[in-house]
Amino acid sequence: MSGEAVRAATLDGSGKDASRRDIRRRLAITLGPLLVSLVLAGCVLLVLGVDPLAYYGFVLDRGLLSPLGVQQTLTRMAPLLFIAAGLIVAFRAGMWNLGGDGQFLLGAVTAAASAPLLVQALPHWLALLVAFLIATSVAMLWSLVPALLRAYQGVNEIITTLMMSFLGVSLANVLVKLLFLDPATTVPQTRTLAVPDRLPRLFETTITSGLVFGLAAIVIVHFVMTRTAFGLKLRTVGANPRAAIHAGLNVPLLTVAVFAISAGLIGIGGAVDIIGIQGNVRADWNPAYGLAVIPVVFLARMNGLAAIAFVFLLSVLSIGGESAARRLGVPQHFTMVLVAIVLITLAIAEYLDHRFNQARKV
Amino acid sequence: MEPIKDHSGPAIVTLDGVTKRFPGIVANDRIDLEIRAGEVHVLLGENGAGKSTLIGMLSGLQQPDEGRILVDGREMPIRSPSHALSLGIGTVFQHNMLVPTLTVAENLALGGRWWQRPKIAELAARVADISRPLGIEINLAARVSELSLGEQQQVEIVRALLRESRLLILDEATSMLTPQGIAELGALMRRLVERGLAVVFITHKLGEAADFGDRVSVLKLGRKVGEIPPEHLRTRDRAELIDEIVAMMFGRQAGDDAVSVPLRAANDDGLLEVRNLSVTPTADAQGLDAVSLSVGSGEILGIAGIDGNGQKQLAEALAGQRPATGGSVMLAGQPLDDLDVGGRRRQGLRYLTDDRLGEGTVGAFPVSVNYFLKQIGEPPLWRSGIERSGEIVARAQDLTRLYDVRTPAVSTPVGRLSGGNIQKVLIARELADGARAVIFNKPTYGLDLANTLATRQRIRDIAGQGLAVLLISTDLEELLSMCHRIAVISQGRLVGIVPNGAGAGERVGRLMIGLAA
Ligand SMILES: Nc1ncnc2c1ncn2[C@@H]1O[C@H](COP(=O)(O)OP(=O)(O)OP(=O)(O)O)[C@@H](O)[C@H]1O
Ligand SMILES: [Mg+2]
């Protein structure tokens, strides 16, 4: 024992250098691919006949540098943070909840349907709270089928959540068109929550206070996952389900809980988007945030704090990209193309780094 | 033993000053080693001495940081496992490397040409040729995840032999075989080296080293501290050799394992009572057929048998991990049947699994958390569900010291430890307080001599404190040295219970092969 300890100590002494080298390497294999992706995406833009520099400049300006743009970006972060929080809970527990879009939309639609009615009957804060609770419960309920199937029948949740998501998106649509239709307008949409009834804005800006809730949610999720017994149980299930059973954890119950929490958070994301920002749901509205946030959560390696930074980046890209779409005629989905290219280059960089490490030792 | 002809040939693989470092540790320190054709080269060393690391480099899993590897006298970096195979180096790793979701046949056929359909019929014939003389039975259609670890190990041995390697490496391949199987494997190794192949054989059982080895190398803390060449080996008798090896490995006499069955107070109240416990067999796995047994307070009851005869099912059904279709389990008069794993544990039932990587630990979690995996959320390490890292680390450091777990730090992921040291983590976890009855499934598997003795003593001690101990083992010596009574399991049934004493070994042996005691 002591011999090893001594040797360990000397190695640690020289370890500072190594760790600094390690950080530099990490930075290099993160920033390098980002630059490469910008160049690659630029090539795609060139093919489309758009000046990449103009596009990037525009995105940066509208998403980050202009006062209005940055406020929009921060507002956009609110629902995305809730979705990221929900996905982190599920992914860390090894459950691939890919049904975010359905859960999000159902949360949004039920919030949009209930909030305008509730504010007429209840005190303002209570009305919003009840609307949030309704949205959360509906999203949770929607996750129950995949959760039970996975918990008690071992049915793969990737397929069931995706299928429930298609159904959820359609159901949300049908609800808007048939049940929750605002009779006062001709466009098919829900009743609109008046601007003063929505979540308050922060200070003198247009930024929704939903941002604060979103930040709180993801920080709490991060804390729960890393520091509490509950989080450790979930991570055990995710890392080695057989060990979880052997350790006496109630895996089926935890599975259902994970799905409920994950879907609930995503449902709140939908409600925040409506009660804080949009005010109503138009028919056929589906921003597909759920799918966009998945890669972001992976980039952050399911770390809640890192996810905040990546969600910010995604918001900049998507707000800037939407403006650029209107101005330069680049399709709005180009944002996702860019995100995808970043993901692929990052993965390739990681692979090359691994190979290089191996090769160096030969 | 009859004298062995000198048939050592040229070196197939030579290690020249090979060094491998891991964060916080030098696992192999300037090792020189020659592996010659026609020799069984036994590699010995304590847990964590660096044996598996060395094998990892020979089989292409890892690359040395310094030094050279020569194959047939020419420098040849072994780049990958498939490269190692193409060089004729076949390995049975310490921890199983089969794909659990595939069948045995599919696993054996892996690595063939991807455009060819595996020829299962041909495979079956070859497998039969190889396994019959070894006394191994292989069910090609069984899914690997349903096999016991011992059976999986047998599949791996057969797989390595199927490849017809020039150099066969066995990393603790005998840890789950019966004495009979071990003898057969020894004879097989002898036949292989007589055909001019080379074998590297890692074991913790020094008797095997003395019986099967042509050359013995000893590692200690990553360095090679000694080598016994064939000339020397042949002139010593067995006991002398073992003494010499022990001195080389531990630098002292390890003390022999006197047969000392602990005394028990004369009360025969069954603490752990099992009545007619049944588990339905599946297509791949043994079931249990109305198993009844009773373990008294302070008693050690052994379960002997060839691996895969229902030991795993018995342990899991008792622990609540596997649904029983009938029968009852009582602990101190309390029925456990309606309790789940956690509930039974809270009643004081402990289960030490033999599958340390598959279900015993979470490899990516630190050593500290793995000690407490079965008590997540319980005070004092957690308070109101929030973890108290200070307490956890302090307690983990205590256990690490107490159980002599060799790890750079308690924050090291447990998957990075050597096999024996992971085993120590499991033992430490099960022996922590609050236990009333403990099921040990192959508790000393993978432990070196000193730790094996220490662990056996610990088990005797807890029995001495009045706990009921159920000791499942394929190692008859182990059972005879510790148990009050030994039950024999065969095809999911208890075929007899023998009180320990003179002649017990023979009677157990007869029961195991299906004769009346
Ligand atoms: N991948 C790894 N990362 C970090 N450390 C490692 C890794 N593999 C092995 N080690 C360390 O190297 C040392 C030697 O381990 P190794 O597995 O070679 O021991 P061993 O001689 O096979 O022991 P055992 O008899 O217990 O199997 C141990 O201290 C172990 O913790
Ligand atoms: Mg080893």
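Residues that are assigned to a helix (DSSP H, G or I) and either at pLDDT 85 or above or surrounded by 13 or more Cβ atoms within 10 Å (Cβ to Cβ) (or both) within segment B:126-144 comprise B:126, B:127, B:128, B:129, B:130, B:131, B:134, B:144, listed in sequence order.
The single condition from (1) in a loop (DSSP other than H, G, I, E, B); (2) in contact with a Gly (Cβ under 6 Å, 6 or more places away or on another chain); (3) away from ligand 1 (no atom under 12 Å from the Cβ); (4) within 26 Å of residue A:356 (Cβ to Cβ) that residue B:16 fails is (1). Please find, within segment B:72-91, the residue that is surrounded by the most Cβ atoms within 10 Å (Cβ to Cβ) out of those that are outside any loop (DSSP other than H, G, I, E, B), at pLDDT 90 or above and among the aliphatic types (A, V, I, L, M). Out of the qualifying residues, it is B:89. Criterion applied to B:164, B:156, B:66 was being among the acidic types (Asp, Glu), on the phi > 0 side of the Ramachandran plot and assigned by TED's automatic domain parsing to the domain that holds residue B:199, and the one residue passing it is B:164.
Could you say whether any residue in segment B:102-112 is within 16 Å of ligand 1 (Cβ to nearest atom) and under 25 Å from residue B:445 (Cβ atoms)? No. Is at least one residue of segment B:43-55 part of a strand (DSSP E or B) and more than 14 Å from every other protein chain (Cβ to nearest Cβ)? For segment B:43-55, residues part of a strand (DSSP E or B) and more than 14 Å from every other protein chain (Cβ to nearest Cβ): present. Evaluated against (1) in contact with a helix residue (DSSP H, G or I) (Cβ under 7 Å, 6 or more places away or on another chain); (2) within 16 Å of ligand 2 (Cβ to nearest atom), residue B:456 falls short on exactly one condition, (2). Annotation: of all residues in segment B:351-371 being assigned to a loop (DSSP other than H, G, I, E, B) and within 9 Å of chain A (Cβ to nearest Cβ), the one that is nearest to residue B:318 (Cα to Cα) is B:353. Can residue B:61 be described as without any contact (Cβ under 8 Å) to a residue 40 or more places away in the chain, in the same structural domain as residue B:169 (by TED's automatic domain parsing), outside any helix (DSSP H, G or I) and surrounded by 15 or more Cβ atoms within 10 Å (Cβ to Cβ)? Yes; evaluated as a whole, the condition is true for this residue. If you go through segment B:43-52 and keep only what is of a type outside the set (Gly, Ala, Ser) and either touching a strand residue (DSSP E or B) at 6+ places or on another chain (Cβ under 9 Å) or more than 9 Å from ligand 2 (Cβ to nearest atom) (or both), you end up with B:43, B:44, B:46, B:51.
Number of residues in segment B:372-402 that are within 11 Å of another protein chain (Cβ to nearest Cβ), within 30 Å of residue B:202 (Cβ to Cβ) and crowded, with 21+ Cβ neighbours inside 10 Å: the value is 2.
Just one of the listed residues (B:170, B:147) is of a type in the set (A, V, I, L, M), crowded, with 21+ Cβ neighbours inside 10 Å and under 16 Å from residue B:188 (Cβ atoms), namely B:170. Among the helices (runs of 4 or more DSSP H) confined to segment A:147-262, the ones with at least 1 residues that are without any contact (Cβ under 8 Å) to a residue 24 or more places away in the chain, within 14 Å of chain B (Cβ to nearest Cβ) and not β-branched (Val, Ile, Thr) are located at A:210-227, A:229-239, A:241-246.
Looking only at segment B:26-42, filter to residues that are crowded, with 23+ Cβ neighbours inside 10 Å and within 14 Å of chain A (Cβ to nearest Cβ); which one of those is nearest to ligand 2 (Cβ to nearest atom)? If we take residues in segment B:26-42 being crowded, with 23+ Cβ neighbours inside 10 Å and within 14 Å of chain A (Cβ to nearest Cβ), then B:27 is nearest to ligand 2 (Cβ to nearest atom).
On inspection, residue B:188 qualifies as out of contact with any Ser or Thr (no Cβ under 9 Å at 6 or more places or on another chain), of a type in the set (A, V, I, L, M) and surrounded by fewer than 22 Cβ atoms within 10 Å (Cβ to Cβ). If I filter segment A:266-273 for residues that are more than 14 Å from every other protein chain (Cβ to nearest Cβ), acidic (Asp, Glu) and part of a helix (DSSP H, G or I), do I get at least one hit? Yes; the residues of segment A:266-273 include at least one that is more than 14 Å from every other protein chain (Cβ to nearest Cβ), acidic (Asp, Glu) and part of a helix (DSSP H, G or I). Looking at B:103, B:174, just one residue is in contact (Cβ under 8 Å) with a residue 24 or more places away in the chain, within 16 Å of ligand 2 (Cβ to nearest atom) and of a type outside the set (A, V, I, L, M), and that residue is B:174.
Considering segment B:404-423, and only residues there that are farther than 11 Å from residue B:47 by Cβ, touching a helix residue (DSSP H, G or I) at 6+ places or on another chain (Cβ under 6 Å) and not polar (S, T, N, Q), the residue that is nearest to ligand 2 (Cβ to nearest atom) turns out to be B:414.
Rundown of residues vs (1) of a type in the set (D, E, K, R); (2) at positive phi, yes/no style:
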position: A:287; (1), (2): no, no
position: A:290; (1), (2): no, no
position: A:298; (1), (2): no, no
position: A:302; (1), (2): no, yes
position: A:316; (1), (2): no, no
position: A:322; (1), (2): yes, no
position: A:327; (1), (2): yes, no
position: A:332; (1), (2): no, no
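Taking segment B:20-55 as the range and being more than 19 Å from residue B:406 (Cα to Cα) and either among the polar types (S, T, N, Q) or within 8 Å of ligand 1 (Cβ to nearest atom) (or both) as the test, only B:55 passes. Evaluate the following for residue B:415: is it touching a residue at least 40 places away in the same chain (Cβ under 8 Å), within 21 Å of residue A:236 (Cα to Cα) and more than 11 Å from chain A (Cβ to nearest Cβ)? Considered against the rule, which asks whether it is touching a residue at least 40 places away in the same chain (Cβ under 8 Å), within 21 Å of residue A:236 (Cα to Cα) and more than 11 Å from chain A (Cβ to nearest Cβ), residue B:415 comes out as no. The set of residues from segment B:383-433 being within 16 Å of ligand 1 (Cβ to nearest atom), of a type in the set (A, V, I, L, M) and touching a Lys or Arg at 6+ places or on another chain (Cβ under 7 Å) comprises B:405, B:422, B:426.
Any idea how many residues of segment B:290-329 are in a strand (DSSP E or B) and surrounded by fewer than 17 Cβ atoms within 10 Å (Cβ to Cβ)? The total comes to 4. For residue B:69, the conditions (1) within 14 Å of chain A (Cβ to nearest Cβ); (2) out of contact with any Leu (no Cβ under 9 Å at 6 or more places or on another chain); (3) more than 16 Å from ligand 2 (Cβ to nearest atom); (4) not in a loop (DSSP other than H, G, I, E, B) are fulfilled apart from (2). Scanning segment A:43-74 for residues that are among the small types (Gly, Ala, Ser) and surrounded by fewer than 17 Cβ atoms within 10 Å (Cβ to Cβ) turns up A:49, A:54, A:57, A:66. Against the criterion of being within 16 Å of ligand 2 (Cβ to nearest atom), touching a residue at least 40 places away in the same chain (Cβ under 8 Å) and in contact with a Phe, Trp or Tyr (Cβ under 9 Å, 6 or more places away or on another chain), residue B:55 qualifies.
Taking residues in segment B:328-342 that are away from chain A (no Cβ under 14 Å), and partners anywhere that are part of a helix (DSSP H, G or I) and of a type in the set (Gly, Ala, Ser), the pairs with Cβ atoms closer than 9 Å and at least 6 places apart or on different chains are B:329/B:317.
The values are calculated or read from the model by the stated rules, or taken from the named source; none is laboratory data. Not measured: the values here are computed from a predicted model. Cβ: placed from backbone, ideal geometry, glycine included. Neighbour counts: every protein chain shown.
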